[in-house]
Amino acid sequence: MAVEITSRGELAAWLEDKPREWAQVIGFRAVLRPLALIFEPDEWTSESPQVSAALPTFRALCVVHAIVSLTRGALFHSAAEAAFFARDMAEVAARRGPVATPTDPVSLLFGASDAAYTAAFEKAYAQAAADAAFSASQAPLRTYSGYLWYETSRDCSQLADNMDPLRLMHSSVWNQRPDWFQQIWSAAARWLSRSEHGFEIWREWYYGRLEGLSHAFAEFDDEADQTFFRWIVEQDNEWWSREPAEVNADIKAFVDSLRKRKSDDKPRVDFFISYASPDETDAREVAAILDQLGKSYIVQYRDFPQANFVNAMNDAMDRADRLIPLYSRSYVASDHCNAEWNYYYNLDPSSVERRIVGFKLDGGDLKPLMQTVNYRDLTRYSGFDREEAIREWIEWEPPAPTRESVSDSVERLLSPQIAANAEGKLDTLPNPLTDVPVRESALETAVRELLLVLDVIFASKHNLPSNMDRALLRYHDEVRESGAKSAWGGLDRLVNIVTGGLSTMSSAEFAPGQRETLEEFTAAHKKCMSALPSLDLEERALSEISVEEADPEAVREITQKLRAMHEPLQEAGKTTSSLDELIEDVIKEGQDVAHAAGALDADAKEQGSKRRYLMYVGGIGFGVVNALGAMATIADSPSAVQAMQAGRELIEAFFKALGL
């Protein structure tokens, strides 16, 4: 029986003559869907109200979870306490104020308390559930409100078709998890994973609700669930009013004590091969190579029982140290594949631990976050070369970084290169490795597609942060001026700025359709890059180097030394306008990187953009110093001596930031 609900009034009217258990489940699931907004750092002006809001929200929803799961009326008074407590905290957070964005995480705080009211009271439960669903629909950008009501309607339809409320309670809260939520959840999961407040235990609980797992936590059974729920609802307001880190530590200790550790636990394995069903042949190819290498692995076609796919997926993620995702159009479209990928990405957002060893199977577009982690593009290879490329990428170990190896790489990969021109000036020149196409026709076709996307972007108002705006403008000007002859390696740096913004900004910060257009842009750029020689191993080596000493002051210092190196040469007329524009653009980017490095949640964010910036500045430093050393005509001039000194200081600051 299809049910269509589009408003709070319609839902309250529909629930009026239905069992209270229906209202409990409907309200609970409605609030869970956009709940990650509360833990998305960009939605708050400071961390203080965010921390204050998180604990009572989890308490309220966990009590609802307990009442529905245990169906014991004696627990209603605990739901009432949780509801009042969550409502009070919502009002406190509202006064202290989240960021004034089109989204409203405070709505979710009220929604959590309404969900608890639904569980607590015999009367008005239909209205309380409707209020919870309404609050949830107000939290995300209004563009998505209708989609959330659609999901609620779907829940109502399933109950009307005689689905057991408890079964619905233990099913995935999203029929199809939308991209805007996935972006928010990636940032929220990183915040919850930070150790100082202990919210990682609630990250596990919320993940289980998203996936529809049958028990509250991993390694729980029915007995552990009942013990945990009874314990959690017995705790009074005084217990919950302690510091979040103290409360969460007690909860984690109790949860860990209930986990059913099996004496015959399955052993850990090296890899989990993650793929979409149409790509099973490729998965078998990778598995055969792992067998040859003596590596252990889990793979769906061999190890997943048909009856319980989700549990098998979670078991694989628990046991496997690293993920081998096989990217394809089908992979990007798969919710399960995205869940697997995001799990490993959240464990290692900076890629330093090499948790993700990816391969690209076709020309499909990857999601922005996927593009930030190095992968090997198998469309470049065939036959024996393809097998060797897979083997090499799996076996690759990062060389121990030294000053010599890093300096060689960053200067070699710098695009455009820096050298003296015929007039004796420092100029920008194409990088013979990354700017010379090996497939001219493929590049020309890709550039034509790219220009169409750029036309769409620049036909509308950007409404983007200044660093993304500048990167897009410089990219646009370069491609319009040089076309297929553009310095593609340098353009790749600019695309990294755009991609970094896409991966860290919430969907609410974009104009309608803007995120999708920018994703088309990054995909079009990747198609251009695929026509160039592959330097993925060298780039991967640089991406493995940790940034040890790069706080805001360190980034500012390096940027200032870049300016100090450039200015005397510019004033002496020894640089071209092309080099001047490039360095000014990089200096502006440095200001943005320093600002981001000083943010409250900087340590929890992906560090790749900061690393890429430092590598690029290091490459400029080596390029200028080496070029000046080869220019006998000006080597002893005051401007060159001053620039050389600043360049050497820049290089020292660069190595210090890398801990070398």
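Every read-out reported here was derived from the displayed coordinates using simple, explicitly stated rules and does not represent laboratory data. Values in this document were obtained by computation on a predicted structure and should not be read as measured data. Please note: Cβ atoms are built from the backbone with ideal geometry, for glycine as well, and neighbour counts cover all protein chains shown.
Odds and ends about this structure:
- Selection of trypsin sites (Lys or Arg not before Pro), segment 221-288, meeting DSSP coil and at most 14 other Cβ within 10 Å: Arg242, Arg259, Lys260, Arg261, Lys262, Arg268
- Rounded to 10°, Cα long-axis angle of helix 244-258 versus longest principal axis of the chain: 70 degrees
- Close amide H pairs (under 5 Å, H built 1.01 Å from N) link Gly364 with Arg329, residues at least 5 positions away or on another chain.
- Crossing angle, helix 577-597 versus the chain [Cα axis fit, 0-90 degrees, rounded to tens]: 30 degrees
- Put simply, the amide H of Thr575, placed in the peptide plane, has neighbours under 5 Å in Leu426, leaving out anything fewer than 5 places away on its chain.
- Distances between placed amide hydrogens fall under 5 Å for Phe272 paired with Ile298, Arg322, Leu323, Ile324, all partners being 5 or more residues away or on another chain.
- Over 21 Å (Cα to Cα) - which of Lys610/Lys656; Lys295/Lys367; Lys367/Lys526; Lys561/Lys610 fall in this group: Lys295/Lys367
- Note on the chain: helix-only mean residue ellipticity at 222 nm, from DSSP H runs of 4+ residues weighted -39500 (n - 2.57) and normalised by residue number, equals -20000 deg cm²/dmol.
- Using a cutoff of 8 angstrom between alpha carbon atoms and counting only pairs six or more residues apart, the relative contact order for the chain works out to 12 percent.
- Neighbour counting of Cβ atoms within 10 Å sorts the residues His336, His566, His170, fewest neighbours leading, into His336, His170, His566.
- Counted by Cβ distance under 9 Å from Arg386, the other residues give a net charge of -3, where Lys and Arg count +1 and Asp and Glu count -1.
- Rounded to 10°, Cα long-axis angle of helix 403-413 versus longest principal axis of the chain: 90 degrees
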